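The structure appears right after this line, and notes come after that.
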Ligand code: CP
């Protein structure tokens with residue numbers, strides 16, 4: 001739904017709303033530009049002047065720890081002026097419409113909006129209604145997409161496994177409600193992963209899930225065989241409108257990742273999770289904190305990926321000027 005407005009007339013990134021409609025060359029370019037920013041983590045002065053003079057507004061209508069803070073850090077490292085709006089205390093709580101909020105912020109000469117919203121399509125809607133010079137980055141919309149999360153996950157996978165073409169990736173848990181899973185599946189297929197396998201109870205899978213380009217298994221024991229990358233997902237109880245599971249303890253017994261189950265995957269498999277993790281629900285602490293876990297590496301990589309995407313959307317690239 002978003003492929004037409006994400007790119008400018010030269011095929012360059014203008015907005016970043018969804019992985020859908022983007023190609024392998026562009027996704028690889030994002031990963032490569034992020035790579036050029038990674039070295040900054042060890043520098044004393046973690047700043048480049050690429051977005052000096054630009055104003056970025058973080059509009060988070062849903063809670064966030066990782067995405068909001070890494071977007072803010074990324075914007076600051078690019079030398080942009082960044083405002084993180086507290087929606088709970090903004091005038092949306094007095095009945096102002098989303099569009100009126102956007103128009104008022106536009107009147108303050110904003111260059112980019114980073115938007116998280118509970119409604120699928122919200123970032124796309126804003127992109128359609130903003131002035132042409134403004135870029136919109138989707139920081140997660142409803143159950144639809146979380147494209148920057150998917151890209152930081154692809155970056156982390158490439159960091160540990162180099163080549164996508166031989167990789168078998170298992171995504172485990174609440175696929176039905178997960179915008180992260182949708183974006184990850186799209187990115188893995190575009191980047192040429194050998195297999196994307198989803199492991200979940202039938203009640204936590206969308207209908208016709210195979211049409212997304214995945215194999216399906218309902219059994220962790222057989223489903224983890226030959227897997228190189230394991231991505232665990234949280235049960236999104238806030239999006240469940242009816243009881244989809246007997247109990248959390250029953251779920252953990254069947255779909256929770258323990259040290260014993262991890263041994264079924266390849267010995268060098270990595271364990272990922274977009275966060276927030278629920279220990280003892282989808283993942284055992286010994287796995288989450290264990291030697292195969294790259295969960296905190298994902299968080300760190302979120303800064304470089306978001307720097308790359310923001311710089312590209314403003315058509316400013318490279319780690320240093
Ligand atoms: N992964 C992720 O989106 O985490 P937050 O909700 O904390 O931003």
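When the chain is modelled as a GNM with alpha-carbon springs shorter than 10 Å, which of 226, 284, 100 fluctuates the most?
Most flexible of the set in this elastic network: 100.
Angle, helix 179-190 long axis vs. longest principal axis of the chain, Cα atoms, 0 to 90°, nearest 10?
Computed tilt is about 90 degrees.
At a Förster radius of 30 Å, what calculated FRET efficiency corresponds to the Cβ-Cβ distance of residue 237 and residue 32, to the nearest 0.05?
Working from the Cβ atoms, E equals 0.20.
For region 150-247, what does the alpha-carbon gyration tensor say about shape, rounded, prolate or oblate, given a ≥ b ≥ c as the root eigenvalues, a/c under 1.5 as rounded, and a/b over b/c as prolate?
prolate
Calculate the spin-label point distance for residue 119 paired with residue 292, positioning each point 7 Å from the Cα along the beta-carbon direction, and give it in nanometres.
4.3
Pick out which of 39, 21, 302 has the largest mean-square fluctuation in a Gaussian network model of the chain, springs linking Cα atoms closer than 10 Å.
39
Once both axes come from the Cα atoms, what is the angle between helix 147-161 and the longest principal axis of the chain, in degrees from 0 to 90, rounded to 10?
Approximately 60 degrees, to the nearest ten.
What number does the chain give for Rg over Rh if you use C-alpha atoms and the Kirkwood radius?
For the chain, the value is 0.96.
Using a Förster distance of 41 angstrom, determine the FRET efficiency expected from the C-beta separation of residue 100 and residue 25, and round it to 0.05. Write out the running numbers ahead of the final one.
On the way: r = 38 Å, r/R0 = 0.94.
Efficiency, from the Cβ-Cβ distance: 0.60.
Test of understanding: ordering 152, 26, 296 by Cβ neighbours within 10 Å, fewest first, what list do you get? Show your work: numbers first, answer last.
Details: 152 30, 26 18, 296 12.
Listing 152, 26, 296 from fewest to most nearby Cβ atoms yields 296, 26, 152.
Of the residues 308, 88, 200, which exhibits the maximal mean-square fluctuation in a Gaussian network model of the chain defined by a 10 Å Cα contact cut-off?
Between 308, 88, 200, it is 88 that shows the largest mean-square fluctuation.
Give the distance, in whole Å, between the Cα centre of region 286-313 and the Cα centre of region 139-158.
Cα centroid of region 286-313 versus Cα centroid of region 139-158: 10 Å apart.
Give me 76, 47 sorted ascending by neighbouring Cβ count inside 10 Å, so fewest comes first.
Going from least to most buried by this count: 47, 76.
Taking other Cβ within 10 Å of each residue's Cβ, how do 98, 220 sort, fewest first?
Ordered from fewest to most neighbouring Cβ atoms within 10 Å, 98, 220 come out as 98, 220.
Quick one: angle between helix 66-77 and the longest Cα principal axis of the chain, in degrees between 0 and 90, rounded to 10, please.
40
Read-outs throughout are calculated quantities, based only on the coordinates presented, and are distinct from any laboratory measurement. Nothing here was measured: the structure is a model prediction, and the numbers come from that model. Backbone-built Cβ (ideal geometry, glycine too); neighbour counts: all protein chains shown.
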